[in-house]
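Trainee: Input: one structure, supplied below.
The values are calculated or read from the model by the stated rules, or taken from the named source; none is laboratory data. The structure displayed is predicted, hence computed values, not measured ones. Virtual Cβ from ideal backbone geometry, glycine too; neighbours counted across all protein chains shown. Ligands, DNA and RNA are excluded from the accessible area calculation, which covers all protein heavy atoms including side chains. Shrake-Rupley method; radii C 1.70, N 1.55, O 1.52, S 1.80 Å.
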Amino acid sequence: MKLLLIEDDRDLAAGLKQNLQQQGYSIDHFDSVKTALNACSQAIYDLVILDLGLPDADGLVFLK
């Protein structure tokens with residue numbers, strides 16, 4: 001299963017990524033809405049883990 005993690009807190013993202021990878025998930029991590037939207041145009045994700053308070057936009061903008 002391929003997951004998209006959108007989180008700007010590096011420590012939190014690193015912990016989530018490490019734990020999910022240990023469970024067998026493939027994780028792509030981005031720290032902004034802009035880079036995450038670009039990634040979605042190039043890959044298909046099964047699940048998105050989304051921070052709502054991102055530096056370049058509210059996470060809800062990504063959902064729209």
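Trainee: Looking at SER41, SER32, which one is surrounded by 14 or more Cβ atoms within 10 Å (Cβ to Cβ), among the polar types (S, T, N, Q) and at negative phi?
Mentor: On the way: SER41 fails: surrounded by 14 or more Cβ atoms within 10 Å (Cβ to Cβ).
The conditions single out SER32.
Trainee: Same structure, new question: Being in contact with a Leu (Cβ under 7 Å, 6 or more places away or on another chain), part of a helix (DSSP H, G or I), without any contact (Cβ under 8 Å) to a residue 40 or more places away in the chain and surrounded by 14 or more Cβ atoms within 10 Å (Cβ to Cβ): is that true of LEU20 here?
Mentor: yes
Trainee: Can you list residue pairs whose Cβ atoms sit under 8 Å apart, with the first residue in segment 25-48 being in contact (Cβ under 8 Å) with a residue 24 or more places away in the chain and acidic (Asp, Glu) and the second being surrounded by 14 or more Cβ atoms within 10 Å (Cβ to Cβ) and not in a strand (DSSP E or B)? Count only pairs 6 or more apart in sequence or on different chains.
Mentor: ASP28/ALA39; ASP28/TYR45; ASP31/GLU7; ASP31/ASP8; ASP31/ALA13; ASP31/LEU54
Trainee: So for segment 44-62 (the condition being exposed (fewer than 11 other Cβ atoms within 10 Å of the Cβ), in a loop (DSSP other than H, G, I, E, B) and modelled with pLDDT under 95), does at least one residue qualify?
Mentor: yes
Trainee: Looking only at segment 1-17, count every residue that is outside any helix (DSSP H, G or I) and open to solvent by less than 40 Å² (accessible area, probe 1.4 Å) and tell me the total.
Mentor: Taking segment 1-17 and keeping what is outside any helix (DSSP H, G or I), we get 1-9.
Now restrict to residues that are open to solvent by less than 40 Å² (accessible area, probe 1.4 Å): 3-7.
Within segment 1-17, residues that are outside any helix (DSSP H, G or I) and open to solvent by less than 40 Å² (accessible area, probe 1.4 Å) number 5.
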